[in-house]
Amino acid sequence: MLITLFQQLVNGLMSGTLYALMAVGLTMTFGIMNITNFAHGEFLMIGAFATFALVQAGMPFVPAVLVGALAAALLGVIVERLTFRYTLDEPINGLVVSLGLIAILQNGMARVVGTESYNLAPPFAGTVQIAGVVLAVQRVWTIGLGALVIFAVWLLLKKSSLGRSLRALAVDRTAASLMGVRTERMYSIAFGLGCGLAGAAGGLLAALFPVSPFMGAAPVAKGFIVIVLGGLGSVPGAIAGGLLLGVVEALGAGYISSAFRDGFGFVILILVLLIRPKGLFGVLERRA
């Protein structure tokens, strides 16, 4: 019984780490730019395909994930400068733009690679035994790499001048501008960083599940559940919410019903919002 529980917890932490990567990126674009980017999952798809292509070309997996994340980040900067920059004062226009981007990026990638799915052999094959529990090495690496990326982003936001500028912009755009923050540059950095986190999640996901042009829909839905669960605009909430959602789904699927796996997230979301309507880390009049 304890062995099964531990295995389900590891599975939940793995999923939760990927959810948290997605949600932190969504939180940054929403909290700093007030943009609801439904195309966030397509940047995950870009990162996944870039990682897949680089590994197939002979690059080691970890550098391939980082390059895939960089590719998604660069594409995010281009998209922000060409589209979202002109919608900052009209959030509904940004939402419509993001819906259009879904079709453009999905069909553009399908045009290049086709509509079939691709499978990447796990770069860290085999299993490891801990206290009698057998775990897939790939899943352990996924948790470790994902946690490392999240920790690096947390350090960036909390300990660097760039992070302070981004947090100031999230609190008050006008005041930040008067204090010398270059708002347009910070918007590009925030959006690119958010898309890069999605790309990193996609690269890690590529070693676990099939890669296809339409793979972003489910992860972005989970990402939105997480940011509402954790509190809109809260990075700590996105991290905690992602881990909570992953563990709840894994335990629910393992002990109650695997067919209802996706439903457990909505159940816990409703329960949390009934008790704490602003989410786990939600605050008044502030999104950072």
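Whole-Hz Karplus values for the stretch 34-48 come out as 6, 10, 9, 9, 6, 8, 4, x, 6, 6, 4, 4, 4, x, 5 Hz, taken residue by residue from phi with 6.51 cos²θ - 1.76 cosθ + 1.60 and θ = phi - 60°; glycine and proline positions read x.
Gyration tensor over the Cα atoms of the chain: the corresponding equivalent ellipsoid has semi-axes (square roots of 5 times the eigenvalues, largest first) of 30, 23, 18 Å.
Counting only DSSP H runs of at least 4 residues, each contributing -39500 (n - 2.57), and dividing by the residue count of the chain, the helix-based mean residue ellipticity at 222 nm comes to -24500 deg cm²/dmol.
The value obtained for the stretch 52-206, namely the Cα convex hull volume divided by the number of residues, is 151 Å³ per residue. For the stretch 63-68, putting each phi into the Karplus relation 6.51 cos²θ - 1.76 cosθ + 1.60 with θ = phi - 60° gives couplings of x, 5, 4, 5, 5, x Hz, in residue order, rounded to whole numbers and with x for Gly and Pro. For the residues Ala136, Ala69, Ala152, a GNM of the chain with alpha-carbon springs under 10 Å puts the largest fluctuation on Ala152.
Each 5 Å bin from zero up to the one holding the largest Cα-Cα distance in the stretch 136-288 carries the following percent of pairs: 2, 8, 14, 19, 19, 16, 11, 6, 3, 1, 0.
Karplus-based coupling profile of the stretch 111-124, in residue order and whole Hz: 5, 7, 10, x, 9, 6, 8, 10, 10, 9, 4, x, x, 10, with θ = phi - 60° in 6.51 cos²θ - 1.76 cosθ + 1.60 and x standing for Gly or Pro. Applying a DSSP loop filter and a limit of 11 other Cβ atoms within 10 Å to the GluC sites (Glu not before Pro) in the stretch 30-138 leaves Glu116.
Kindly provide the chymotrypsin sites (Phe, Trp or Tyr not before Pro) of the stretch 200-259 that DSSP labels as loop, not H, G, I, E or B, and whose Cβ sees at most 16 other Cβ atoms within 10 Å. Sites meeting the loop and neighbour criteria: Phe214. Sites listed here are GluC sites (Glu not before Pro) in the stretch 179-288 whose DSSP assignment is loop and whose Cβ has at most 11 other Cβ atoms within 10 Å: Glu285.
We did not get these values from a lab; they are worked out from the coordinates using the rules stated. Model, not experiment: these values are computed from the prediction. No Cβ is skipped: glycine too gets one built from the backbone with ideal geometry, and neighbour counts run over all protein chains shown.
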